[in-house]
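The values are calculated or read from the model by the stated rules, or taken from the named source; none is laboratory data. All figures in this text were calculated on a predicted structure; none of them were measured in a lab. Methodologically, a virtual Cβ is constructed for each residue, glycine included, from the backbone with ideal geometry; neighbour enumeration extends over all protein chains shown. Surface areas here come from the heavy atoms of the whole protein model, side chains and all, with no ligands, DNA or RNA. Shrake-Rupley method; radii C 1.70, N 1.55, O 1.52, S 1.80 Å.
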Amino acid sequence: MTKAMYSTVMLLSILYCFLSQVSPLPVKNSTGANEGKVRLKRKYSDEMPDYDDITAMDQILEVNRMFRAPRGLSFREGDIAVSHVRSAINCPGNACLWPKSVDGFVYVPYLLSPLYDDMDRITIETGMQDIATGTCVKFIPRTHEASFLDIQPRYGCWSFLGQTGGSQTLSLQTPGCMWSGVASHEFMHALGFVHEQSRSDRDHYVTIVWKNVMRDYMHNFRKQVTNNLNSPYDYNSVMHYGRYAFSEDGGPTIIPKPDPYIPIGQRDGPSALDLHKINVLYNCGAN
Ligand SMILES: [Zn+2]
């Protein structure tokens with residue numbers, strides 16, 4: 001390569017890098033036509049999400065995109081089941097918490113559908129283990145307990161909020177929901193947690209970009225009256241929506257503040273703060 005050619009190539013590379021950085025919060029769009037373009041842009045910008053950045057919630061919304069709520073149920077925030085007969089949203093006197101045993105542990109009995117294969121079972125049990133390690137919550141196979149999680153591969157990834165009493169379905173579709181982080185996310189709903197950006201104090205930490213939210217899904221960004229357990233806002237919570245959740249045209253719907261580049265959400269499993277919050281909510285270590 002001649003020196004002149006080399007300089008030209010260098011110049012073009014620099015120009016390309018510069019151009020590809022112009023849009024600081026680039027769009028994400030999963031529709032075919034734009035996919036190639038988006039992929040290309042992603043490659044050259046540190047900000048763009050790639051596969052490694054898909055959060056548990058992104059995956060849940062992807063799986064749940066097509067499904068219709070089973071009869072008698074509706075869904076809040078994309079994956080929290082609400083029964084038309086009984087609602088666990090309000091938990092007077094913490095009635096929706098799982099009871100604590102005299103030995104200091106909170107036992108959550110579960111049934112695992114025989115439709116799951118060995119790999120599915122390992123994934124789901126890893127999701128349980130990631131919560132159990134570091135909290136006083138223990139998931140135990142149900143023997144005779146009246147209240148328990150009935151874990152089934154129904155359509156979608158979803159759970160009721162807190163303990164509803166009796167048998168409560170928790171759906172982990174296979175293979176879509178077979179990530180241990182997705183399982184942990186749904187188990188945290190079952191323990192009583194809503195999504196992190198639904199916290200009553202979220203406006204101090206994130207901006208909801210309403211103009212980018214699909215009109216029919218704006219209700220999924222409502223703030224909830226939450227007990228924030230004296231815990232800091234957790235951008236890294238497995239319960240956090242991804243940056244592009246319910247996006248109309250691929251623009252971000254949630255921007256952290258003051259630094260818009262703070263990564264939000266993840267799919268590995270409960271964060272240190274998630275575990276801390278479980279410990280506070282269930283008063284672990286009090287015995
Ligand atoms: Zn959720």
Which numbered condition trips up SER198, out of (1) in contact (Cβ under 8 Å) with a residue 40 or more places away in the chain; (2) open to solvent by 20 Å² or more (accessible area, probe 1.4 Å); (3) within 16 Å of the ligand (Cβ to nearest atom)? (2)
Does TYR155 satisfy the criteria of being of a type in the set (Phe, Trp, Tyr), part of a loop (DSSP other than H, G, I, E, B) and modelled with pLDDT of 95 or more? no
Matching residues, the range 164-193, being more than 15 Å from SER83 (Cβ to Cβ), in contact with a Leu (Cβ under 9 Å, 6 or more places away or on another chain) and more than 11 Å from the ligand (Cβ to nearest atom): THR174, MET178, ALA183, LEU191, GLY192
For the range 115-139, give me each residue that is under 16 Å from GLN163 (Cβ atoms) and of a type in the set (Lys, Arg). LYS138
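Here's the yes/no breakdown for (1) in contact (Cβ under 8 Å) with a residue 40 or more places away in the chain; (2) assigned to a helix (DSSP H, G or I):
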position	(1), (2)
VAL194	yes, no
ASN220	yes, yes
LYS223	no, no
TYR235	no, no
HIS240	yes, no
ASP259	no, no
GLN266	yes, no
LEU275	yes, yes
Restricting the search to the range 125-150, which residues are part of a loop (DSSP other than H, G, I, E, B) and not β-branched (Val, Ile, Thr)? GLY134, CYS136, ARG142, HIS144, GLU145, ALA146, SER147
Scope the range 235-259; condition open to solvent by less than 10 Å² (accessible area, probe 1.4 Å) and within 16 Å of the ligand (Cβ to nearest atom); matching residues: SER237, VAL238, MET239, HIS240, TYR241, GLY242, ALA245, THR253, ILE254
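So which residues in the range 150-163 are more than 15 Å from the ligand (Cβ to nearest atom) and either touching a Phe, Trp or Tyr at 6+ places or on another chain (Cβ under 6 Å) or open to solvent by less than 30 Å² (accessible area, probe 1.4 Å) (or both)?
Initially, the range 150-163 is screened for residues more than 15 Å from the ligand (Cβ to nearest atom), giving 150-155, 163.
Those that are more than 15 Å from the ligand (Cβ to nearest atom) and either touching a Phe, Trp or Tyr at 6+ places or on another chain (Cβ under 6 Å) or open to solvent by less than 30 Å² (accessible area, probe 1.4 Å) (or both): ILE151, TYR155, GLN163.
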